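Notes follow once the structure below has been shown.
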Amino acid sequence: MGNAVVLETAYDVEGFQIMAVNIGRTLLPMAGHVRGKRSAVTCHLKCGDACAKGVCNTSSNSYFRDIVDAQISRRSVLGMGLAGAAAIVLGPTLLGGERAHAAGAQLAAVGETGAFGFTPIAPVPHMVDEFTVPEGFDWTPILRWGDPLFADSPAFDLLNQTAEAQARQFGYNVDYTDIIRTSATTAILFVNHEYTNENIMFPAEQLAGDPERVRGVGLKAHGLSVVELTRADETSPWTPIVGAPLNRRFLDDTPYAFTGPAAGSELLRTATSADGLTARGTFGNCAGGTTPWGTILSGEENFNGYFRTPGTSETDLRYGLADEETVRGWEALDPRFDARSTEHANEPNHFGWIVEVDPMDPNSTPRKHTAMGRFKHEGANVILAADGHAVAYMGDDERFDYLYKFVSRDRAIDGDRAHNLTLLENGDLYVAQFSGDSPAAEIDGSGALPADGGFGGTGRWIPLTQNGESVIDGMSTAEVLVYTRLAADRVGATKMDRPEDVEPNPLTGRVYVACTNNTDRGPDGKAPADEVNPRTENRDGHVIEITEDGGSQTATTFTWTLLLVAGDPAQNGTSYFSGFPADQVSPISCPDNLAFDSQGNLWISTDGQPSTIGYNDGLFRVTLDGPERGKVEQFLSVPRDAETCGPVIHDDERHVFVSVQHPGEEGTFEAPNSLFPDAMKPAPLGGGVHAPRPSVIQVFPLAAAEPSPTATPTPTATATPTSSPTMTPSPSATPTATPSATPTPSATPTAGPVPTPTESAPPLEPTGGSVIGSVIAGAGVLAAAGFAALTRRKRDNGVVDDA
């Protein structure tokens, strides 16, 4: 039984099964069946054992190989792809100023943009409870679960948690993260709190005997956080400012406004929203993105696990909703989570959207954009097309689900932030259909390369709405947007291996799709391998590179190639790295979140390596162009049982940030598998405990390991700066020499005093280093340094498949 909590027959006074029952090892439906993701605990708590319940997509639309053969060769595809890339607008406008590059603009030469060197670390065995970085770097926590955010926040009390306290503290499992620099010494941190691990948050006694406490704290530990940061100078780590004016928690009772064509429809009307215009709360927030106008997008992913429904309708089944007690039993706290009743029947339809938050306005109402469709959103990332349309790329993170694109109806207006804030409210939604250019016989499910030496082909974006109206026979516009999966089924979209993070490269416009894994492909009569998903029982995942035709993000056709077919070359001879020698890469499995540095390199965070290749998850840099295209280098490794989320790359300062989710998830409160981070490093806000704590981490060069305490931090940013200076790019200093190899324990940063908010704030000053674009009038955020300012977007994890 190991560390199971054996309480099979225990129920609370209201008849609901207590939390401990659902977490006992012998009662985990995925125990012993996990093949391509981290653990049965993740499956249970994050996605409600989705894999144990069968595939949601049982549509009869064709699989990839059945659709159509490509009409052009892969080699000609690559040729036009390079030409098309040269014509693309290379990156979004930061906060709505002038677009970063015009077609044909000259990019800074390699070495002039702030990208830095490092010696890759060796992979870390999955039982090791350490946070590992390259030699020459150190790390420190910025914020941990339970840290105070407001002047009235109570100190974190691990043994006496309450819902009221948690509502005023930093939330639990951290995922999408961004750090928006507002000056050289001030920034704003945004974080998703995707879900909770009650089995390691509470002692067994409380799990069994105090379910109301457990449920209440868990409810308040979900949501979003915005926190102001400060530092002494550009070489120092960031520290949170407790009680700062912009600090905010988004909780289960926070109101969200619906926008777009489905807002106010019958499908969104419930007892909690009679007019269908407002939702309460956001749950299952996984990855996200930062828009060119300075807002944050957050994807509502595994929302189905929070609701009990009749579970018999086509829509319930397609979205994984069922008539069974939920993992956390929130239906005992709030009747809206029991959607079997007529008054709450549409409550699940309030979730599964892209949420937009303005971190610069603490009084703003966050919005859920119905025009972008409803499914298990991993996240959304926006780039401005050459004609000014905002284009968002999105993945539906479930086995055999789809890749989507949204194109705004309106165009961005430089300097008009109020207008740009409305761009995602109206537009057209598309779903991807891929075809390959290799003979079917050469795609045998093994992952072996076809005769032309690579996987590739063409594709098209099939409209689900045009001019804001449904183009799906028999489905109204509201139905297409609320039940997007069903609409996509009808048009023959390509069934994918869990498309998670989808990121446009701000320097080239090419789009990268992380497909984490899908061990259900191939066996037992299920969908066979195809060229864009070339392996049966795909445990390790792959990364797709898409080039929009004509270099236009609004194009409806594209070419594609597989950048990586992931795996450990020592264990899997069919792993592929765009032709780069497999014996010269870091092993990598289960790609999840993506980010870019100022040089255009791709950074990949992983989720699931312990159960696939036996190593802790980590963060990896991948070269995209030139003779080293496909080279994978591991930068860091997270502790035991943890997942790497939300990478942010500020390489102009040689700073990297990640969120560490569910450290020690396989343990229990009494016998923890991890004591990250408190047993490893002091944190700015102090108050260490003997338990794992999901945390946002900063990695920095050792020269910055000893931050200078500042009794009076630099004033924080105001929501409306008095001026909006225009920035022009300037080359960064040449990076220092690559540090030498073997990682060793490094210096421990000294925690400074807890900063407190200032009474007033002067206009924002530009961050050091090169800056792209100009600031929208009235925006509260200035451009950060280098092209990195364009790429500050990140997030993480995947759920569903082999959770």
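Please treat every number below as a calculation from the coordinates, not as lab data. It should be emphasised that the depicted structure is a prediction, and the values quoted were computed from it without experimental measurement. Cβ: placed from backbone, ideal geometry, glycine included. Neighbour counts: every protein chain shown.
A simple spin-label model places the labels of Gln584 and Arg340 6.2 nm from each other, with each point 7 Å out along Cα-to-Cβ.
Among Asp316, Asp275, Asp444, Asp175, the order by Cβ neighbours within 10 angstrom, fewest to most, reads Asp275, Asp444, Asp316, Asp175. In a reduced charge model with +1 at each Lys and Arg Cβ and -1 at each Asp and Glu Cβ, region 475-626 shows a dipole moment near 220 debye about its Cα centre. Annotation: extensible slack from Asp361 through Arg168 equals 67.6 nm (criterion: 0.36 nm per residue apart, minus Cα-Cα distance). Principal axis extents of the C-alpha atoms in region 561-661 (largest first, rounded to whole Å): 34, 33, 21. In region 268-322, inverting the average of 1/r over every pair of distinct C-alpha atoms gives 13.4 Å as the Kirkwood radius.
Spatial offset of region 399-440 relative to region 674-696 amounts to 40 Å, using the alpha carbon center of each.
Per the Debye formula on identical point scatterers at the alpha carbon atoms of region 125-184, with no solvent, log10 I(q)/I(0) at q = 0.24, 0.27, 0.29 Å⁻¹ is -1.06, -1.14, -1.20. Computing FRET efficiency as 1/(1 + (r/R0)^6) for Ser476 and Gln571, where r is the C-beta to C-beta distance and R0 is 60 Å, gives about 0.75.
When Rg and the Kirkwood radius Rh are both evaluated on Cα atoms of region 391-481, their ratio Rg/Rh stands at 1.13. Above 17 Å lies some portion of the pair distances; for region 155-274, what is it as a whole percent of all C-alpha pairs? Pairs farther apart than 17 Å: 65 percent. Positive-end ranking of Leu333, Trp353, Ala322 along the dipole of region 300-358, with charges on Cβ about the Cα centre, is headed by Ala322. Listing Trp238, Trp293, Trp139 from fewest to most neighbouring C-beta atoms within 10 Å gives Trp139, Trp238, Trp293.
The calculated FRET efficiency for the pair Ala440 and Asp387, based on their C-beta separation and a Förster distance of 41 Å, comes to about 0.60. Calculated from the alpha-carbon coordinates, region 303-351 shows an Rg and a Dmax of 9.4, 28 Å respectively. For the pair region 505-556 and region 227-244, the centres of their Cα atoms are 39 angstrom apart.
Model label sites at Ala122 and Ala155, defined 7 Å from Cα along the beta-carbon direction, differ in position by 4.2 nm. Sorting Thr185, Thr557, Thr606 by the number of Cβ atoms found within 10 Å of their own Cβ, with the fewest placed first, yields Thr557, Thr185, Thr606.
Rounded to two decimals, the Cα radius of gyration of region 242-300 over 2.2 N^0.38 Å is 1.34. Which entries in the list Lys376/Lys681; Lys220/Lys495; Lys405/Lys631; Lys495/Lys631; Lys220/Lys376; Lys368/Lys681 go over 32 Å, if you measure between the two C-alpha atoms of each? Pairs exceeding the cut-off: Lys376/Lys681; Lys220/Lys495; Lys368/Lys681.
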